[in-house]
Amino acid sequence: MATGDLSHLESLGESEIWWRDKSPLFEAHGYRLRPRYRPGWTPSWKGKPIFAVLYAEDALDLHARAGVIDATRISDGKLIYLKKIRVDSDELELLRFLSSPEMVQDPHNHCVRLLDIIYDPDEIGFCFVVMPYLRWIDCPPFEYVEDMLECGEQILEGLVFLHDHGVAHRDCAYKNIMMDATAMYPKGFHPIREGFLPDNSGQAPVLHRIDVPIKYYFIDFGISTRFSVNQQPRLVLGTQGLDDEVPELSDTVPYDPFRTDVFIIGNLFQQQFLQRFSNARMLSSLVMRMVSKDPTRRPDAAEALREWKAIRRRVYRPQRFWRLRPLEESWLATLFYEVHAGPFLQQHGYGLRPRYNAGWIPSWRNRPDSTEAWVNSEDGYRLPYVNSGLVIDAIRKADNSLVCIKKVLTNSEELRLSTYLSSKNLRGLINNHCVPVLEVLQHPDDSAASLLPVMPSLRPLNSPAFETVEDVVECGEQILEGLVFLHQYDIAQRDRAFKNIMLDAKALYPRGFDPVLRDWGPDTSSLAPVLSRAGALVKYYFMDFGISTKFAPETTDKTVRGKKGLDKTVPELSDDVGYCPFKVDVYILGNLFRQRFINMYQNVPISKLESLVRTMTETDPAARPDAEECLRQWKALRKSTPKFSRIWRLCPRDKRLLVSVVHDLFYTLCMFYRSSTIKYVVVVGALSFVVPLLSTPRSL
């Protein structure tokens with residue numbers, strides 16, 4: 001995408017064309033496909049900045065499930081699925097039976113509803129069944145013990161219903177049990193990019209499943225079998241199905257499909273609950289019986305449901321609202337974040353957000369407008385650093401500044417390096433761009449093994465987005481300045497990729513910002529006012545020294561081994577052959593400059609960086625310049641670029657050149673005419689007339 005080659009998205013594939021040609025048929029029956037699959041579609045992102053495709057709803061293609069497509073019911077805007085099946089199939093007959101008026105009224109019926117049937121005049125013998133749009137049962141993830149207990153009870157309840165009506169599903173594995181998550185998404189979600197709003201413009205607000213009614217459904221009755229009331233024996237043959245661990249499956253020896261269903265559901269519980277969460281062990285006895293290799297030793301569905309309900313009753317109500325704890329999470333981590341974090345940090349002058357204080361009660365709970373209240377509540381959002389281990393945000397009470405606190409091992413190289421780079425002698429140096437350690441706290445439960453360094457809360461280096469050429473040039477110079485500093489002190493960072501270079505943006509946000517919803521104010525009630533980088537003093541920092549190496553000054557062999565790191569394109573990485581980590585740092589930064597600057601923007605000063613970046617990313621490490629030479633060339637380029645050019649707005653690579661020039665001129669004039677409202681209005685009026693005349697796409 002960085003190169004501007006979007007041809008694979010701008011044209012439809014063979015299967016997509018097939019669905020597009022069916023669009024008029026579906027529309028005639030009251031169902032509308034997404035814009036991409038309507039006749040006459042043209043990509044909405046054409047002629048826009050290259051990154052516009054990331055937010056283009058019509059850039060999202062088909063669902064992963066073969067033979068199905070999402071659509072919208074025109075009458076009420078409800079998301080549905082369309083699935084092509086044979087008219088004479090057992091699956092259609094079963095769907096009709098399970099969706100009959102009598103069956104639908106039964107609250108124990110957890111079979112997906114058949115909403116409509118569309119017959120295709122062009123393909124005799126086939127039809128399209130219309131069903132509600134459902135999601136995987138763990139999307140979004142389970143959070144609380146109660147989520148798990150409710151899900152399991154509904155699934156077993158649905159299995160009992162099927163068996164009571166003589167139906168053996170035979171394939172009720174993970175992908176064939178889904179949930180209706182409509183109530184969790186008050187503003188809806190996109191059927192392909194399910195975490196985003198229907199128009200793909202941003203993340204979709206999501207409620208906790210514990211607070212809303214969720215129902216789980218069985219789908220896909222393609223290999224299911226329905227027996228008559230008095231039919232005996234109830235045995236089948238066949239080895240089809242998603243779960244290949246069922247021991248009795250056979251094409252020659254008949255087996256009981258109802259006992260098979262119990263095994264498959266038990267295996268689902270084992271994989272989704274017992275093998276994921278440490279506090280799901282209360283289910284182990286029942287689940288082990290359900291997955292017994294001997295079918296006669298398994299409980300039937302009704303017995304399994306009774307035992308599940310008994311287990312649920314034995315779980316104390318407060319315990320039901322405990323967080324589901326990942327198996328790999330240590331008890332020390334659990335104790336710290338669930339019990340001791342608040343009081344311990346309060347004693348040391350730090351305050352957690354209300355969500356992580358003892359006795360927290362959701363601010364939106366029991367309010368009549370709970371859905372809207374949750375969306376606007378500060379305590380409705382979890383930890384910002386979900387993928388970075390034991391890290392939590394906090395407020396330092398002394399100056400009300402936002403910080404992050406991370407748990408690290410006492411003897412870790414990361415802590416040793418971070419504290420060394422934050423020592424009095426180095427911390428005050430202007431070219432030191434290593435994230436400062438403000439304080440190191442003793443862990444309350446694990447003080448011998450772990451420490452808690454406190455650091456400023458930082459943001460990705462492009463958050464908020466770069467605006468002008470000067471923003472990019474200043475960022476690059478600071479980064480190279482920081483790399484030179486590290487190398488002068490014989491430190492090779494070895495992982496200086498995009499995610500490990502961040503921005504201290506507090507000067508850009510005079511009223512602060514929320515650590516999770518970064519574009520919003522601290523209380524999430526409104527967007528946070530943000531200044532331009534040109535009008536504020538910002539600093540870029542290196543962070544995460546987990547694989548960094550510090551050499552002693554007298555060391556002659558300054559080579560390392562290892563393949564760890566975020567950038568997997570570094571050619572010399574090896575577990576067997578030693579290489580120079582300082583040259584690796586240069587390569588990684590050169591790759592970052594190419595991906596984040598050169599490939600994204602076409603402004604002349606930035607395009608001149610290509611020569612420097614090319615040498616920084618040479619395959620032969622010996623051909624790369626050292627960090628000092630890179631910084632010298634960068635500064636020379638900055639000095640040779642007229643100041644007028646540096647304040648121009650950044651122009652994306654794929655934007656039309658003539659329109660870009662007009663926009664840049666407008667941006668520059670606004671800066672010079674900012675003090676005169678009348679002149680500003682004149683410029684806006686003139687350009688609003690000229691720009692439409694220049695909007696016809698032109699080749700560069």
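Tabulated values for the structure
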{"read-out": "Tabulated pairs, segment 174-202, first without any contact (Cβ under 8 Å) to a residue 12 or more places away in the chain, second open to solvent by 50 Å² or more (accessible area, probe 1.4 Å) and not hydroxyl-bearing (S, T, Y), C-beta under 8 angstrom, 6+ apart or interchain", "value": "F196/Q203; L197/K187; L197/Q203"}
{"read-out": "Of residues in segment 636-668 being among the charged types (D, E, K, R) and open to solvent by 60 Å² or more (accessible area, probe 1.4 Å), the one modelled with the lowest pLDDT", "value": "R653"}
{"read-out": "Extreme residue, nearest to F97 (Cα to Cα), among residues of segment 138-182 that are among the polar types (S, T, N, Q) and open to solvent by 10 Å² or more (accessible area, probe 1.4 Å)", "value": "Q154"}
{"read-out": "Odd one out for S526, checked against (1) open to solvent by 50 Å² or more (accessible area, probe 1.4 Å); (2) at pLDDT below 90; (3) under 30 Å from G428 (Cβ atoms)", "value": "(3)"}
{"read-out": "Residue match in segment 70-86 (condition: crowded, with 18+ Cβ neighbours inside 10 Å and part of a helix (DSSP H, G or I))", "value": "no"}
{"read-out": "Residue within segment 484-494 that is free of Cβ contacts under 8 Å to residues at least 40 places away in the same chain and touching an Asp or Glu at 6+ places or on another chain (Cβ under 9 Å) present", "value": "yes"}
{"read-out": "Top-ranked residue of segment 567-608 - restricted to ones that are more than 21 Å from K499 (Cβ to Cβ) and of a type in the set (V, I, T), ranked as surrounded by the most Cβ atoms within 10 Å (Cβ to Cβ)", "value": "I606"}
{"read-out": "Residue match in segment 520-531 (condition: free of Cβ contacts under 8 Å to residues at least 12 places away in the same chain, farther than 17 Å from M455 by Cβ and within 21 Å of the chain's Cα centre (by Cα))", "value": "yes"}
{"read-out": "Residue in segment 408-441 that is farthest from the chain's Cα centre (by Cα), counting only those that are over 17 Å from P456 (Cβ atoms) and of a type in the set (D, E, K, R)", "value": "K424"}
{"read-out": "Set V454, V473, V435, V440: member being of a type in the set (V, I, T) and in contact with a helix residue (DSSP H, G or I) (Cβ under 6 Å, 6 or more places away or on another chain)", "value": "V473"}
{"read-out": "Qualifying position, being on the phi < 0 side of the Ramachandran plot and not in a loop (DSSP other than H, G, I, E, B), among L237, L242", "value": "L237"}
{"read-out": "Cross-chain or 6+ apart pairs with Cβ under 6 Å, segment 212-232 first and among the basic types (K, R), then in a loop (DSSP other than H, G, I, E, B)", "value": "R226/G166"}
{"read-out": "Sole exception among (1) farther than 30 Å from S89 by Cα; (2) touching a helix residue (DSSP H, G or I) at 6+ places or on another chain (Cβ under 8 Å); (3) open to solvent by 20 Å² or more (accessible area, probe 1.4 Å); (4) modelled with pLDDT under 95 for G222, by number", "value": "(1)"}
{"read-out": "Given (1) at pLDDT below 80; (2) surrounded by fewer than 16 Cβ atoms within 10 Å (Cβ to Cβ); (3) part of a loop (DSSP other than H, G, I, E, B); (4) out of contact with any strand residue (DSSP E or B) (no Cβ under 8 Å at 6 or more places or on another chain), index of the condition P444 fails", "value": "(2)"}
{"read-out": "Restricting segment 504-523 to residues that are hydrophobic (A, V, I, L, M, F, W, C) and more than 25 Å from Q478 (Cα to Cα), the residue that is most open to solvent (accessible area, probe 1.4 Å)", "value": "W520"}
{"read-out": "Cβ-Cβ under 6 Å pairs, at least 6 apart or on other chains, segment 540-566 side free of Cβ contacts under 8 Å to residues at least 60 places away in the same chain and more than 24 Å from E481 (Cα to Cα), far side assigned to a loop (DSSP other than H, G, I, E, B) and open to solvent by less than 60 Å² (accessible area, probe 1.4 Å)", "value": "K563/L573"}
{"read-out": "Among (1) modelled with pLDDT of 90 or more; (2) open to solvent by less than 40 Å² (accessible area, probe 1.4 Å) - the single one R533 does not satisfy", "value": "(1)"}
{"read-out": "Counted residues, segment 14-34 - those being in a loop (DSSP other than H, G, I, E, B) and under 21 Å from N200 (Cα atoms)", "value": "2"}
{"read-out": "Members of segment 266-304 that are of a type in the set (V, I, T) and open to solvent by 20 Å² or more (accessible area, probe 1.4 Å)", "value": "V291, T296"}
{"read-out": "Subset of segment 115-137 (residues that are open to solvent by less than 30 Å² (accessible area, probe 1.4 Å) and not basic (K, R))", "value": "I118, D120, G125, C127, F128, V129, V130, M131, P132, Y133, L134, I137"}
{"read-out": "Counted residues, segment 551-561 - those being open to solvent by less than 60 Å² (accessible area, probe 1.4 Å) and charged (D, E, K, R)", "value": "1"}
{"read-out": "From the options L197, L207, residue that is within 30 Å of S377 (Cα to Cα), surrounded by 16 or more Cβ atoms within 10 Å (Cβ to Cβ), in contact with a helix residue (DSSP H, G or I) (Cβ under 6 Å, 6 or more places away or on another chain) and among the aliphatic types (A, V, I, L, M)", "value": "L207"}
{"read-out": "Any hit, segment 252-270, residues being touching an Asp or Glu at 6+ places or on another chain (Cβ under 6 Å) and not in a helix (DSSP H, G or I)", "value": "yes"}
{"read-out": "Looking only at segment 35-59, and only at residues there that are in contact (Cβ under 8 Å) with a residue 40 or more places away in the chain and not in a helix (DSSP H, G or I), the one that is surrounded by the most Cβ atoms within 10 Å (Cβ to Cβ)", "value": "A56"}
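Conditions (1) of a type in the set (F, W, Y); (2) over 27 Å from the mean Cα position of the chain (by Cα); (3) modelled with pLDDT of 95 or more, marked per residue:
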{"position": "L12", "(1), (2), (3)": "no, no, no"}
{"position": "E16", "(1), (2), (3)": "no, no, no"}
{"position": "P43", "(1), (2), (3)": "no, no, no"}
{"position": "L60", "(1), (2), (3)": "no, no, no"}
{"position": "V68", "(1), (2), (3)": "no, no, no"}
{"position": "T72", "(1), (2), (3)": "no, no, yes"}
{"position": "S75", "(1), (2), (3)": "no, yes, yes"}
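Yes or no, residue by residue, for (1) touching a helix residue (DSSP H, G or I) at 6+ places or on another chain (Cβ under 9 Å); (2) at pLDDT 95 or above; (3) over 17 Å from L159 (Cα atoms); (4) not small (G, A, S):
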| position | (1), (2), (3), (4) |
| --- | --- |
| L237 | no, yes, yes, yes |
| D244 | no, no, yes, yes |
| L249 | yes, yes, yes, yes |
| L268 | yes, yes, no, yes |
| Q275 | no, no, yes, yes |
| A280 | yes, no, yes, no |
| V291 | yes, yes, no, yes |
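The values are calculated or read from the model by the stated rules, or taken from the named source; none is laboratory data. These figures come from a predicted structure and were not determined experimentally. All Cβ positions, even for glycine, are placed from backbone atoms using ideal geometry, and neighbour counts span all protein chains on display. Accessible surface areas use protein heavy atoms only, side chains included; no ligands, DNA or RNA. Shrake-Rupley method; radii C 1.70, N 1.55, O 1.52, S 1.80 Å.
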